[in-house]
Amino acid sequence: MGKLLRRTFLIGSAAVAGGVAVGFYMYQKPYPNPLTGDAATGESVLNPFVKISADSSVTIIVPRAEMGQGVVTTLAALVAEELDVELADVKTEFAPAASVYYNRAMMEEGAPFPAFDNSFLAEMTRDIQGVVAKFLALQATGGSSSIIDAFDRMRTAGAAARAILIAAAADKWQAAAASLKTENGKVVDPALGRSASYGELVAAAAGQEVPETVTLKDPAGWRYLGKSQPRLDMRDKVTGKAEFGVDVRLPDMLFATVRMNPRQGARMTAMDASAAEKVPGVVKVINLGTGYAVVADNTWTAFKAADLVTPEWDKASYPETTEAVFAEIDAALKAGGGFNMRDDGDAPDAIAAASGQAISARYTAPYLAHATMEPMNATAQWRDGKLTVWSGNQAPSSIVTQAASVFDLWASDVTVHSTYLGGGFGRRFETDFSILAARVAKETDGKPVQVTWTREEDMRHDMYRPGAICEATAVVDGEGVPSVQLTTASQSPIASTFGRLAGMINPPGNDRTIVDGLWDQPYALANYRVTGIPVDMDIPVGFWRAVGHSHNPFFHESFMDEIAHASGQDPLEMRLKLMQPYPAAVACVQAVKDMSGWGTPLAADGVKSRGRGVAFCLSFGTWVAQVVQVADTDDGIRIEKVWCAADFGTALDPKNLEGQMMSGIIFGLSAAMGQEITFADGAVEQGNFDAYDAMRMNQTPDIQVRVLQASGKMGGAGEPGTPPSLPALANAIFAATGKRIRQLPLSKEITFA
Amino acid sequence: MDIKINGKTVAIEADPEMPLLWALRDIAGLTGTKFGCGIAMCGACTVLIDGEPTRSCSIALEDVSGEVTTVEALQGDNGALHAVQEAWIEQQVAQCGYCQSGQIMSAVALLASNPSPTDADIDDAMSGNLCRCGTYPRIRAAIHMAARKLAGA
C-alpha cells in the first residue's frame, strides 16, 4: 500500500450537473475527468470510473477492450469490492478515449528485464516505462496487462467513491465518519441504527474533500475478488444483444466495404468502377489511393459491387513469394550481427570447446493471421468538421491520435465509441479499420457509414505474426546441464506497429518482440546466449496473441526437449533440475507432472502409439507449464489431453482464468496444427477459413487447468496460455512417433485426425 | 418478398439473390446473427429454417421457403431464456461472444433432434461452428447440461 499511496492522490470535488465530480489522478499532474461533460441529469460522476444515480444504480466505467478475456467483469469487481455494492447489479460502460485511462502496466511489461528479475534496476526501469505510458496516455488493451494495471487503480477508485459517500453521510448526520460503515450500497450508522442509500447521498457528496489516502480492504475480507464471478456480459452474449462493431446501427446509415491493394501498402494505379456504379443500391465508389470503397444501402450490395470494380494494383515493396521472404530472413541470419538479449557465461566458447559433441537444430515459424471471428469493421460519421468513430478496438486513444494526424483535427474533435470486440488477439490494437471508415465517411455527406471487410479482405490485410528462423546449438556437461546458444531472425512486431501509429515512440533498449520467449525463461544455465536479428521488410507485422512468445517458445522448448533426449534425460525432470532457482516454475512443472501421470506407461489400445510432451513458458508475468498427450491413429495425430498449471501470482477470478488458459491453448494448438500465411505475387494466398482454419469441436482435447498463485507478483491471463502449447504438442508427437518436427505448422510433416 | 421470421411475416424489399444473413442484419434489423466468413465455413450466421440449422450467409432470400428462427426468438414471451441459453450462462461459455449466436442455434437444433447427444454426436453437430476463443470444452459441457435441463422439464 505504501507505494500506491505515495503515487496516488485524490483531490477535491466539484459539483456538476446537479451531482458530484471528484478527480482521481495518478502522479501529480491531473488529467481531466472525461465524464463530467456529459453526465445525465440526476447522475453523479464520482470519479472517472464510477457514476451513481439518484436511484442508487451504479455504473462502472471500463477503460479496456472486452475481447473475450472477461475484463469487464473483473474490472467491475475491483470497483464493486471497495465501493461495497452488489456486483450483479452494476452496469458497465466502455470508457471514451481519454488520457486518464492510460495503461501503465502494458508499457512496464515492455521493459527490457525478464519477469523474474526484481532487481532495483529492473523495477526502476519498469517505473520509467510507466511514466512513458503516462506521457503517451496510451489507452490500450494488450500485453495481458489490464488487470495488473487496474488492480490498484480500480480498487482505489471504488474506495475513493465510498469515502466521499461516507463523508456526505457524516455531514448529514453530524456523525464522525469513522463511526460509519457501508453495507451493500448504503451508508449505515450502527450506533444509531440509521442508514442512507448511495443514491440519497450522491448529491450531498458535492464539495466533499476526498481523503488523500484511502485504505483498501484486506484480501482476507474480499467478497468478490479471488472468487469466480458470473460474467456480466454473458446474458447479452447468449441472447444476441451484445453490440459488436458490426452491430452499430444509426439513423440514415449507409453500408460499405473496402478493397485495398492485396500487395499491402502499394498504390492502386487505375480503377474502372463503371459496372459497380450501375448496381442498384450502390451510392458511390470511392478511390482511396491504395484501394477503393463501395458505398451502398446494404453490406451485401457493397460486397457484390466491389467484385465488379476492376482495379490495377502496383507492385509490392517486399519480396513477392514465401520463398523469397524466408530467403531474406535466412540471409539476415547468415549475415549475423543483431543484439545479445541474454549472454550469461560464454556459450560460444563452451560449445566450441566440446567440438563435435554439439546438438544443433534449425526451426522455422510461418507468418500468421489473427483471423478474429468478427472481420474488421468500423462505423464513422462527420458532422461540422468533427469525427465520430464506432468500433470494437483495443486502443481508442490511438484512433484519436491517428485521426487527428490524418485529418488535421484537434484531438477534441474526434470521438470514439468502443463496442464489444468479436475477437482481438492484437489485431484490433491497430487503427487501420477505424481510419478507413473515417475516410469513407468523408465522402458520404454527413451520413454515417459502416465499413465491413469481407473475410478475404481481413485475412489478406492483416498485420501478421512475423515468420521467423531460429538456429540453436548446445552442448551438455557431465551433470546434464546444457550450454545453449540461440539466434533468431524475424521482422519486429513493435517496430512495424509503432511505425504505423503516429505519435508513438519505440520503447528504449533492445527489441524484445524479436527474442521474447528465448531470453527471458527461468533456466539456470551457466552459458546461455540469445541473439536477436531484426529483418527489415515492408510486410506489415504486429501483435499476435503472445507476440514474440507465440513462436520463440516453440524454438526454445522444442530445443530443450531435443537436448534432454540427446543427453539421455527425461525432458520434464531436466526442466525441474534446471529451474531450481525459480520455485514458481518448479511448482508449475511439478503440477503438470502430477496431473498428467508423467512417467507412467501409456496404453496404446486402438491406436498405433501414444506420447506425452511437456513445455514451459514464463510470459506476461505468468508462469505456465503444459503437458500434451497425443495418439498416433490411422487417421493421423489426435490430440487427446492437455494439462496446464499456471501461476498468476494473484488469481482474481479462477474460473475466468481457467477459460483464458483453455482459450490460449486452443489458439496455440490451432496455429501449430495447420495455420500458415503464404505469399505469391506479393499477395497473401489464404483468404478464408477453407485455407486458414482453426481447431474445431471434433479435434478439441480434454483440457485440465490448475490455477496457482504463489509467484508473488501478478501476471496476465489473455496470452500466457498460448506459448507452451505449440512446443508441448511437437514434443508429444516426438514422444509418440519418434518424429521431430522443427517447422510450423506441424501439418507440413504430419496429418492430424 | 415475404419471409416468416421469428413468428412474424416480414416484407423484405431486396434482391432475391441477397443471402438471408444480410436481409436479417441490414434490412430486418436483427443483428444477433453474425457475419463471419460468407462461405458457410464458420457457422457464425447459423439460423434455423423450419428447425434445420442453416448457414444464412449461403442461402439466397429466394430459396428461403420455411420459417426462419434467429437467436432473438429463443427467449420466451415472458423473457425466460431457452434451456440452451441457461446452460451457456451456467457454464460461462462465451468469451468474445461473436460466434455464440451461431453455436447456440446449432446446439438448439441438435437437442431438438437428439435429446441426449453423445460426445460424438456433439462433434458431428458442432464442428461446423468455429470459435477462435476456444470455448469448445465449455460448449460441450453446456450442451450436456442443456440436455439434462430439457429432459427434466
Can you go through A:Q381, A:Q402 and tell me which one is over 20 Å from the mean Cα position of the chain (by Cα), outside any loop (DSSP other than H, G, I, E, B) and modelled with pLDDT of 95 or more? A:Q381
Could you list, in sequence order, the residues of region A:81-111 that are hydrophobic (A, V, I, L, M, F, W, C) and touching a Phe, Trp or Tyr at 6+ places or on another chain (Cβ under 6 Å)? A:L87, A:A95, A:V100
Residue that is nearest to the other protein chains (Cβ to nearest Cβ) [pool: residues in region A:211-234 that are outside any loop (DSSP other than H, G, I, E, B) and among the hydrophobic types (A, V, I, L, M, F, W, C)]: A:M234
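The rows are residues; the columns are (1) of a type in the set (F, W, Y); (2) out of contact with any Ser or Thr (no Cβ under 7 Å at 6 or more places or on another chain).
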{"position": "B:L48", "(1), (2)": "no, no"}
{"position": "B:E52", "(1), (2)": "no, yes"}
{"position": "B:S58", "(1), (2)": "no, yes"}
{"position": "B:T70", "(1), (2)": "no, no"}
{"position": "B:D77", "(1), (2)": "no, yes"}
{"position": "B:Q91", "(1), (2)": "no, yes"}
{"position": "B:Y98", "(1), (2)": "yes, yes"}
{"position": "B:I104", "(1), (2)": "no, yes"}
Please state which of the following conditions A:A97 fails to meet, knowing it meets all the rest: (1) at pLDDT 50 or above; (2) out of contact with any Ser or Thr (no Cβ under 6 Å at 6 or more places or on another chain); (3) of a type outside the set (D, E). (2)
Note on region A:213-234: residues small (G, A, S) and touching a residue at least 12 places away in the same chain (Cβ under 8 Å) are A:G226, A:S228
Scanning for something among the acidic types (D, E), at pLDDT 80 or above, in a loop (DSSP other than H, G, I, E, B) and surrounded by fewer than 21 Cβ atoms within 10 Å (Cβ to Cβ), does region A:81-93 turn up at least one residue? yes
Take B:I3 and tell me if it is under 20 Å from A:M373 (Cβ atoms) and either part of a helix (DSSP H, G or I) or not aromatic (F, W, Y) (or both). no
Do we find a residue being more than 10 Å from chain B (Cβ to nearest Cβ) and surrounded by fewer than 16 Cβ atoms within 10 Å (Cβ to Cβ) anywhere in region A:236-251? yes
Here is a list: B:A11, B:A40, B:A60, B:A80. Which entry is over 22 Å from A:V248 (Cβ atoms), surrounded by fewer than 20 Cβ atoms within 10 Å (Cβ to Cβ) and within 10 Å of chain A (Cβ to nearest Cβ)? B:A40
Strands (runs of 3 or more DSSP E) (entirely within region A:235-316) containing at least 1 residues that are over 30 Å from B:E72 (Cα atoms) and among the aliphatic types (A, V, I, L, M): A:254-260, A:268-272, A:282-287, A:291-296
Quick one: what pairs do we get from region B:104-127, first residue more than 12 Å from chain A (Cβ to nearest Cβ), second in a loop (DSSP other than H, G, I, E, B) and surrounded by fewer than 21 Cβ atoms within 10 Å (Cβ to Cβ), C-beta under 9 Å, 6+ apart or different chains? B:A109/B:G51; B:A112/B:G51; B:S113/B:G51
Residues of region A:369-400 classified as touching a Pro at 6+ places or on another chain (Cβ under 9 Å) and within 14 Å of chain B (Cβ to nearest Cβ), total: 2
Criterion first (in contact with a Lys or Arg (Cβ under 7 Å, 6 or more places away or on another chain), small (G, A, S), at the interface with chain A (Cβ under 10 Å from one of its Cβ atoms) and in contact (Cβ under 8 Å) with a residue 24 or more places away in the chain) does B:A87 satisfy it? yes
Near pairs, Cβ below 8 angstrom, 6+ apart or cross-chain, from region A:421-446 (within 14 Å of another protein chain (Cβ to nearest Cβ)) to any residue that is part of a helix (DSSP H, G or I) and small (G, A, S): A:L421/A:G245; A:G422/A:G245
Given (1) free of Cβ contacts under 8 Å to residues at least 40 places away in the same chain; (2) small (G, A, S); (3) at the interface with chain A (Cβ under 7 Å from one of its Cβ atoms), B:S65 misses just (3)
Do the conditions hold for B:T69, that is, is it in contact with a Leu (Cβ under 9 Å, 6 or more places away or on another chain) and either at pLDDT below 95 or within 24 Å of B:P16 (Cβ to Cβ) (or both)? yes
Looking at A:D634, A:D653, which is the one that is surrounded by fewer than 19 Cβ atoms within 10 Å (Cβ to Cβ) and either outside the structural domain of A:D149 (by TED's automatic domain parsing) or not charged (D, E, K, R) (or both)? A:D634
Tell me, yes or no, whether region A:687-702 has at least one residue that is away from chain B (no Cβ under 14 Å), within 22 Å of A:V547 (Cα to Cα) and either surrounded by fewer than 21 Cβ atoms within 10 Å (Cβ to Cβ) or at pLDDT 95 or above (or both). no
Residue within region A:669-685 that is surrounded by fewer than 19 Cβ atoms within 10 Å (Cβ to Cβ) and in contact with a Gly (Cβ under 8 Å, 6 or more places away or on another chain) present: no
What number of residues in region B:14-37 are crowded, with 20+ Cβ neighbours inside 10 Å and among the β-branched types (V, I, T)? 2
Would you say A:A273 is closer than 30 Å to A:P534 by Cα and not acidic (D, E)? no
Boolean, A:Q521 is farther than 26 Å from A:I665 by Cβ and either buried (at least 22 other Cβ atoms within 10 Å of the Cβ) or in the same structural domain as A:G664 (by TED's automatic domain parsing) (or both): no
Would you tally the residues in region A:152-197 being in contact with a Pro (Cβ under 8 Å, 6 or more places away or on another chain) and loosely packed, with under 15 Cβ neighbours inside 10 Å? 2
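The values are calculated or read from the model by the stated rules, or taken from the named source; none is laboratory data. Small disclaimer: the values here were computed from a predicted structure and weren't measured. Note: ideal-geometry Cβ built from the backbone for every residue, glycine included; neighbour counts use all protein chains shown.
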